[in-house]
Amino acid sequence: MPRFAQPTLSINSSSSQSEETVEEPVSELDSEMANQINMKCKNMLIEYEQMQNVDDIIYSLSEDETSVIGTRHEEFVKSMALITLDSIPITRTTVAGNIFAELLSKKILSMEAITRGIDAVLKYWNDYLIDYPQFFSYIAAIIAPLLLSQNAFFDFNNLKDCCASIRPDNSTKFFIEVLNKILSSKETQNIKEQLGGILWIYNKWLASEYVPLDIFMPYNQINKYFENDRIGVFLLSIAMYDKLKMTGRKLIHDKLHSWISTNISVEIIKCPQFVRALTIAIIIECLNSNSSYEDFFVHGHVKLLTYYIRSEPLLGPEILAREVQCLYGIQIMSAALEYPEGMVLRLFHKLYQDSIISKESFEIWKKDDKFNAGFDEDLETKNLAVLNSFFLPLELNNSDEDDTYE
């Protein structure tokens, strides 16, 4: 298929246009007009990369009555995205994303123009993959700046609209690529100034309008695409949260246990990080049911955690590893929510009082100051000062036990 030969987009009115201005149907574009738009977009991309200024682009999109893109905003988005595929360096995909984010924040481009323009490109993913094996990665690099922008107000619900034509069966790879681009983005790396990596993703997901994971990734594809890393744990935790959200609390244990047995492989369940994902899912469900911290981990939650931490035939060290991952799940959610006062302390007390987590695992977690590659790079040093009221009695109890055996 020729690069720009796919069927074109339907009519759309950009929010920046006056009521009298109607976007010209892209389907009526002839090849000469299409080439003019492509050349215009290519020059804009190069100029922006050099000058970091969108003034000329704004003029062409909203003020210049003779501009070929003035009433063709969806075509502009589509053409910019496609041009980046052949760009050298390919980092221009990120540049295109920055342009879209700035134009969206300035209300020059409408959200609909962006989502429909991107979707028009993704629609023919199978053809583009032949020439561009990293096609999904390139388009994900355009999307990442939109999600990361504080002023564009682009969230996961808008991402859903960007890939409407390929959801859900063919959107999994694209969605995972978007998450990986965010994870590796410079904007999420400086954890001293803002939420880093996976913490940012959790925070953005929670702040977005609710979108079930299976909109992007059918649950029956989890086993196929799961990687034992931060993204894998995120996907698993959101999938389990989706199931918890749709289940009454009296049936939490039976329903989720049945769903896990049906959809999640034994190999994944055996990973200690599975317990991290389950803990995160439970916390999100409790938060969204407006439970106070005292009401977190109801009986059904306790049964689930106990079962998956101590599943037979696990050995002692394996159980400890799973208990520690439960604590890391709490630490991640506390960090993602920017450290709600009292949350970690109350949940630690709950886990200890209900005999879900042993003293030894609390001590392992407390002393573990090494970041595990692929999992904990986003976590800051533990704030143990606020947990003194929890750990001091544990240490006193350990001291008393030692005295007993002397």
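The values are calculated or read from the model by the stated rules, or taken from the named source; none is laboratory data. Given the structure is predicted, the values throughout are model-derived calculations rather than measurements. Cβ: placed from backbone, ideal geometry, glycine included. Neighbour counts: every protein chain shown. All accessible areas refer to the heavy atoms of the entire protein, side chains included, with ligands and DNA or RNA removed. Shrake-Rupley method; radii C 1.70, N 1.55, O 1.52, S 1.80 Å.
Among the residues of region 115-124, the one identified as more than 18 Å from D155 (Cβ to Cβ) and open to solvent by 50 Å² or more (accessible area, probe 1.4 Å) is K123.
Listed here are the residues, each with its yes/no results for (1) over 15 Å from W205 (Cβ atoms); (2) open to solvent by less than 10 Å² (accessible area, probe 1.4 Å).
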position: P133; (1), (2): yes, no
position: F136; (1), (2): yes, no
position: Q150; (1), (2): yes, no
position: D161; (1), (2): yes, no
position: S171; (1), (2): yes, yes
position: F175; (1), (2): no, yes
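Look through I114, I83, I108 and report the one residue that is closer than 19 Å to V54 by Cα, among the aliphatic types (A, V, I, L, M) and assigned to a loop (DSSP other than H, G, I, E, B). Please lay out each step first, then the result.
Numbers: I114 fails: assigned to a loop (DSSP other than H, G, I, E, B); I83 fails: assigned to a loop (DSSP other than H, G, I, E, B).
Residue meeting the stated conditions: I108.
The set of residues from region 268-294 being exposed (fewer than 13 other Cβ atoms within 10 Å of the Cβ) and touching a residue at least 40 places away in the same chain (Cβ under 8 Å) comprises just one member, E294. Only one of the listed residues (F297, F348) is of a type in the set (F, W, Y), at pLDDT below 90 and either closer than 19 Å to A281 by Cα or open to solvent by 10 Å² or more (accessible area, probe 1.4 Å) (or both). That residue is F297. Selection of first residues in region 94-107 that are at positive phi and charged (D, E, K, R) and of second residues that are assigned to a helix (DSSP H, G or I) and open to solvent by 10 Å² or more (accessible area, probe 1.4 Å), restricted to Cβ pairs under 7 Å at least 6 apart or on distinct chains, gives an empty result. Among residues of region 157-180 that are under 21 Å from F226 (Cα atoms), those with a beta-carbon under 6 Å from a residue that is open to solvent by 10 Å² or more (accessible area, probe 1.4 Å) and outside any helix (DSSP H, G or I) at least six positions away or on a different chain give the pairs P168/P218. Of all the listed residues (A144, A164), the sole one being part of a loop (DSSP other than H, G, I, E, B) and either at pLDDT 95 or above or under 15 Å from A81 (Cβ atoms) (or both) is A164.
Only residues that are touching a helix residue (DSSP H, G or I) at 6+ places or on another chain (Cβ under 9 Å), part of a helix (DSSP H, G or I) and open to solvent by 40 Å² or more (accessible area, probe 1.4 Å): list them for region 228-260, please.
R230, K243, K245, R249, K250, L251, D254, K255, H257
Residues in region 93-114 that are closer than 16 Å to V178 by Cα and surrounded by fewer than 23 Cβ atoms within 10 Å (Cβ to Cβ): T94, V95, N98.
Within region 70-80, not a single residue is at pLDDT below 90 and not in a loop (DSSP other than H, G, I, E, B).
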